[in-house]
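The values are calculated or read from the model by the stated rules, or taken from the named source; none is laboratory data. As the structure is a computational prediction, the values presented were derived from the model and not from experiment. Reconstructed Cβ throughout: ideal geometry from the backbone, glycine too, with neighbour counts over all protein chains shown.
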Amino acid sequence: MDSPTADVSVRVAWSDDAPGIAGVQVRAWRSSYADLLPAEVLAALTYDEVARVWHESLARPEDARNRVLVALERNRITGFATTTPSQDPDGDRVADGDIAEFSIDPDELGKGHGSRLLQACADTLRADRFTRATIWVNSDADAWRTFLESAGWAPDGAHRELDLRGDGTVTVKQVRLHTAL
């Protein structure tokens, strides 16, 4: 007898997905950035405002190659990612595609949604004729970096420091990983 399998998939997001994406983003950011961002910043993230921004972004993308993908279990959004042409000063906007955002609902980690979503990102970037993919990772995100490296991603030597508040009080160091498509 075969055991039942979950109804899981990844697809391109629709503007109606904005509330589900916002829910994942707010929960993921509150979990992932709890030790990095001040509590008042995380508390100020409201589902309605984040959903409004996502709805506008999905309805009118700035570039035809800006994509938002959603990981689903049945019809429930469990994660999302965005793919874009590279915005890096040393990037090639024709050859280099970037995964600019990648979030899995904290309650859904370890269930395969991230693997499916990462593969869908690579497939989408390849379909958009990019030959290399990049992603920026916080330097202390060991589990995330290990996951990416196990999927064939590697550091390319680039690093940056983001000033999250604009006053130097909250900074995050990141390294860039890449993979050939």
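A few remarks follow.
- Cβ-Cβ distances below 6 Å connect the following pairs, each with a first residue in region 20-45 that is farther than 15 Å from Arg76 by Cα, a second residue that is of a type in the set (Val, Ile, Thr), and a separation of six or more residues or different chains: Val26/Val50; Leu45/Val26.
- The requirement of being under 24 Å from Asp16 (Cβ atoms), buried (at least 17 other Cβ atoms within 10 Å of the Cβ) and not small (Gly, Ala, Ser) is fulfilled nowhere in region 136-145; no residue meets it.
- Boolean, Asp90 is loosely packed, with under 13 Cβ neighbours inside 10 Å, more than 16 Å from the chain's Cα centre (by Cα) and under 28 Å from Gly152 (Cα atoms): yes
- Residues in region 144-177 that are of a type in the set (Val, Ile, Thr) and at pLDDT below 95: Thr169, Val170, Thr171, Val172.
- Number of positions in region 142-152 that are under 15 Å from the mean Cα position of the chain (by Cα), touching a residue at least 12 places away in the same chain (Cβ under 8 Å) and within 22 Å of Asp88 (Cα to Cα): 2
- Qualifying residues in region 59-92 (those that are in a loop (DSSP other than H, G, I, E, B) and touching a residue at least 60 places away in the same chain (Cβ under 8 Å)) - the one farthest from Gln119 (Cα to Cα): Asp90
- Evaluating Ala158 against the criteria (1) in a strand (DSSP E or B); (2) free of Cβ contacts under 8 Å to residues at least 40 places away in the same chain; (3) more than 17 Å from the chain's Cα centre (by Cα) leaves one unmet condition, (2).
- Candidate set from region 161-171 (those that are of a type outside the set (D, E, K, R) and either loosely packed, with under 15 Cβ neighbours inside 10 Å or within 17 Å of the chain's Cα centre (by Cα) (or both)); member that is farthest from Asp35 (Cα to Cα): Gly166
- For region 106-141, the set of residues classified as touching a residue at least 12 places away in the same chain (Cβ under 8 Å), in a helix (DSSP H, G or I) and more than 13 Å from the chain's Cα centre (by Cα) consists of Pro106, Asp107, Glu108, Thr124, Leu125, Arg126, listed by residue number.
- Answer from Gly152, Gly110, Gly114, Gly168 - the residue that is in contact with a Phe, Trp or Tyr (Cβ under 8 Å, 6 or more places away or on another chain) and not aliphatic (A, V, I, L, M): Gly114
- Qualifying position, being among the hydroxyl-bearing types (Ser, Thr, Tyr), touching a strand residue (DSSP E or B) at 6+ places or on another chain (Cβ under 6 Å) and under 30 Å from Val8 (Cβ atoms), among Thr179, Thr146, Thr171: Thr179
- Residue that is surrounded by the most Cβ atoms within 10 Å (Cβ to Cβ), among those in region 108-132 that are over 11 Å from Ala151 (Cβ atoms) and among the small types (Gly, Ala, Ser): Ala120
- Failed item in (1) touching a residue at least 60 places away in the same chain (Cβ under 8 Å); (2) buried (at least 21 other Cβ atoms within 10 Å of the Cβ); (3) part of a helix (DSSP H, G or I), with Ser103 passing the rest: (3)
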